[in-house]
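Let me begin by presenting the structure, written as structure tokens, before commenting on it.
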Amino acid sequence: MSRSARKPGGLHSEEGGNLLQDDTHGQEQIRELLAQVPAGIGVMKGPEHRWAYVNDCYVHITGRDSAADFVGKTFAESAPEMQSQGFLARLHTVYRDAKPYVGKEVRLLMDRDARGLPNEAYFDFSFQPMRDAAGDVYGIFVHAIEVTDRVAARAFAEESAERLRLAHAAAQVGTWEWDPEKNIQRLSPELHRIFATNPSNPDHADVWASRVYKADLPKVREAMLDGYRNGTMEFEYRYVHPDSGLRWFYCKGSKFQGETRMLGILQDVTARKSASETSQRLAAIVESSDDAIVSKNLEGIVTSWNPCAQRIFGYTAEEMIGRPITTIIPPELQDDETRILATIARGERVEHFETVRMRKNGERIEVSLTVSPVKDEQGNIVGAAKIARDITQRKKAERALRTTEMLASVGRLAATVAHEINNPLEAVTNLIYLARNAAVGEEVRNYLAMAEDELGRVSHLTRQTLGFYRETKGATYFRVGSLVNTLLPVFSSRSRNKGISILPEVKQDPELFGVPGEIRQVIANLVSNSIDAIDAGGKVRIRVSRAKPSHYGDPEGMRLTVADTGSGIPSEARSKLFEPFFTTKKDVGTGLGLWVCKSIVDNHHGSIRVRSSTVPGKSWTAFSVVLPLCAQEFKEETETTGYGAALIRRLEPQPVLPHLS
């Protein structure tokens with residue numbers, strides 16, 4: 001066939017002229033038809049691919065303003081962004097080889113954004129060679145349909161499906177379809193993975209049933225049948241997984257109206273069930289703990305408060321939650337909380353920190369604290385958990401044990417010393433007795449008699465130290481005023497050497513029943529302490545008077561007051577004065593004198609208290625001893641009980657008096 005006989009492939013007239021190239025019959029009708037086509041249409045002529053025609057749709061999908069942006073320009077001039085994407089090369093190939101090119105969902109980057117930014121789009125298009133009457137290619141017909149929305153919709157659906165699959169996998173959720181009437185059982189791949197069943201195994205349902213926890217299988221079957229009849233089901237059951245052991249599953253499904261099939265989901269909730277159980281166990285531990293368990297945020301505000309915290313500190317949970325933890329911290333220890341929060345903020349623990357805290361009633365208790373950081377799911381520190389143990393009794397027991405050990409050591413030493421001095425003491429006593437009988441002057445005999453009395457008291461102490469023996473013959477009726485008068489000459493030389501005055505005052509001197517030697521020792525210790533506490537020119541007042549019943553619970557009796565004008569005793573030391581081995585005399589005191597005094601007074605069913613002031617120029621200290629007049633109880637005790645045991649028994653300090661009256 002000759003070239004002139006070939007049918008042209010382009011748009012042309014019956015006479016062989018191109019309808020878009022020559023102004024021939026029907027050109028306007030064809031242009032109008034192309035303008036109505038819902039696709040981008042264009043015609044390029046010549047090997048340089050110069051635009052001869054574009055319809056409005058092509059102008060729109062390329063983001064240009066009008067056909068003038070194309071007609072008369074080459075493809076490269078009208079769409080420079082297309083050159084780097086290979087389209088110019090394809091046009092050359094189509095023109096050269098006279099073969100069409102068809103593209104499906106081709107991705108293009110086009111400058112059709114108002115800001116001049118590249119815009120992604122997808123097109124179905126074709127480049128069709130156009131031939132003249134001789135069959136030679138003179139141009140290319142372009143047909144383009146934008147499919148960006150279709151591609152985006154499919155991509156979104158695929159992405160959504162993948163997200164759903166990943167979400168199911170992450171949440172361990174599988175889907176199922178069940179139609180018992182049509183004997184249909186379909187499981188999603190994720191559900192097969194959860195069950196560890198093989199989808200190619202036609203008996204996978206029997207495999208599943210064999211792994212359901214034996215005790216749960218009847219309930220599962222019943223729940224499934226009831227759910228199918230009712231249209232909805234929801235239940236949990238246990239499943240023995242071949243690899244991971246016992247699991248908990250949650251199943252939920254619904255039947256669509258008018259259908260026999262049921263659709264649903266199944267989720268592995270083993271972790272959730274475990275965390276419920278763990279929380280319940282922890283809650284039970286917290287509720288029943290014998291330690292205070294408290295949580296707080298990083299500002300120190302209480303967020304939880306268990307029952308033991310209420311028992312230890314006296315505050316209810318309602319009173320403490322929302323309040324600062326410093327509520328239970330003494331004023332002088334407020335810096336504790338600052339240091340603790342700083343430690344927690346660094347992610348560190350505070351372990352077995354022993355300190356003091358306050359109860360609601362103001363009482364101070366000793367506690368051992370362990371504080372740990374609390375973190376959220378992302379690992380951020382959001383607060384602290386504190387365990388507080390009341391160690392008050394333990395610390396008292398430790399102190400009592402140390403005191404007992406020290407007393408035992410002192411006792412052994414004292415017994416040894418007493419044993420060594422007992423024999424020479426008896427010799428000195430005998431010599432004084434002989435000297436008193438041979439003395440000429442009355443004053444000398446009086447002094448020797450006093451020395452003999454003092455040696456008798458020392459001898460009594462050595463015998464008591466050696467044996468802590470039970471003595472009843474030492475208890476008798478006596479008057480404290482008489483003891484004071486006979487004791488003062490013993491201190492005359494010390495008071496005279498220091499230039500101080502001892503001023504006795506016996507206002508009333510009722511008769512008591514007790515051990516005069518022990519009460520004499522109390523008086524001597526108190527007077528000796530006062531002399532040590534004051535400087536030259538100071539005064540010691542000793543008053544004996546009748547005591548009326550007091551608000552401290554003291555009965556009617558005798559009051560002995562020893563007061564001095566010394567520098568006073570600091571308030572923090574007063575509560576410890578009557579503890580063994582506590583002393584304010586530094587290197588010269590043993591710390592046993594006042595402890596022995598209290599033990600003796602307690603043994604006589606009396607009381608001893610101290611009041612003091614440290615105000616410069618107005619300082620003073622006064623010890624007050626009250627012994628009851630009712631002597632029958634003490635008299636009966638002396639017949640069955642010795643006094644040495646009281647030295648070990650009385651360890652707790654007495655309250656400090658508020659003022660000197």
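Computed on protein heavy atoms with a 1.4 Å probe, the accessible areas place CYS251, CYS57 in the order CYS57, CYS251, largest first.
Leaving ligands, DNA and RNA out of it, work out the accessible area of GLU443 with a 1.4 Å probe and give it in Å² to the nearest 10. Rounded to the nearest 10, that gives 120 Å². Close amide H pairs (under 5 Å, H built 1.01 Å from N) link VAL540 with SER501, ILE502, LEU503, residues at least 5 positions away or on another chain.
Label positions at ARG229 and ALA155, each projected 7 Å from the Cα along the C-beta direction, are separated by 5.3 nm. Computed extension length for GLU556-SER126: 142.4 nm, one decimal, from 0.36 nm per residue of separation with the Cα-Cα distance subtracted. The calculated FRET efficiency for ALA271 paired with LYS73, based on their beta-carbon distance and R0 = 56 Å, is about 0.30. Counting only Cα atoms, the size of the stretch 293-358 along its three principal axes is 30, 22, 19 Å, in decreasing order. Ranked by the mean number of other Cβ atoms within 10 Å per residue, highest first, peptides 342-350, 595-603 order as 595-603, 342-350. The length gained on full extension between GLU572 and LYS252, counted as 0.36 nm times the residue separation minus their Cα-Cα distance, comes to 108.1 nm. The packing ranking, built from the mean of other Cβ atoms within 10 Å per residue, places the peptides 302-315, 361-374 in the order 302-315, 361-374, highest first. Approximating the spin labels as points 7 Å out from Cα along Cα→Cβ, the GLU363-to-SER200 distance works out to 7.7 nm. If the segment from ALA317 to SER482 were pulled out straight at 0.36 nm per residue, it would be longer than the present Cα-Cα gap by 53.3 nm. When LEU526, LEU434 are compared by accessible area at a 1.4 angstrom probe, the order from most to least is LEU434, LEU526. Apolar share of the accessible surface for the stretch 25-140: 53 percent from carbon plus sulfur atoms, 1.4 Å probe.
Just so you know, the Cα atoms of the stretch 211-282 work out to an Rg and Dmax of 14.2, 49 Å.
Treating r as the C-beta distance of THR260 and VAL382 and R0 as 41 Å, the FRET efficiency rounds to 0.20. For the pair ASP179 and ALA215, a Förster radius of 30 Å applied to the C-beta separation gives a FRET efficiency near 0.60, rounded to the nearest 0.05. A 1.4 Å probe run over the stretch 501-608, with the rest of the protein chains in place, finds 43 Å² accessible per residue. Projecting label points 7 angstrom from Cα along Cα→Cβ for ASN437 and LYS396 puts them 5.6 nm apart. Highest mean packing first, where packing is the average number of other Cβ atoms within 10 Å per residue, the peptides 142-152, 556-566 line up as 556-566, 142-152.
The values are calculated or read from the model by the stated rules, or taken from the named source; none is laboratory data. All figures in this text were calculated on a predicted structure; none of them were measured in a lab. With ideal geometry, Cβ positions are generated from the backbone for all residues, glycine too; neighbour counts draw on all protein chains shown. Heads up: the accessible areas ignore ligands, DNA and RNA and are worked out on the full protein's heavy atoms, side chains in. Shrake-Rupley method; radii C 1.70, N 1.55, O 1.52, S 1.80 Å.
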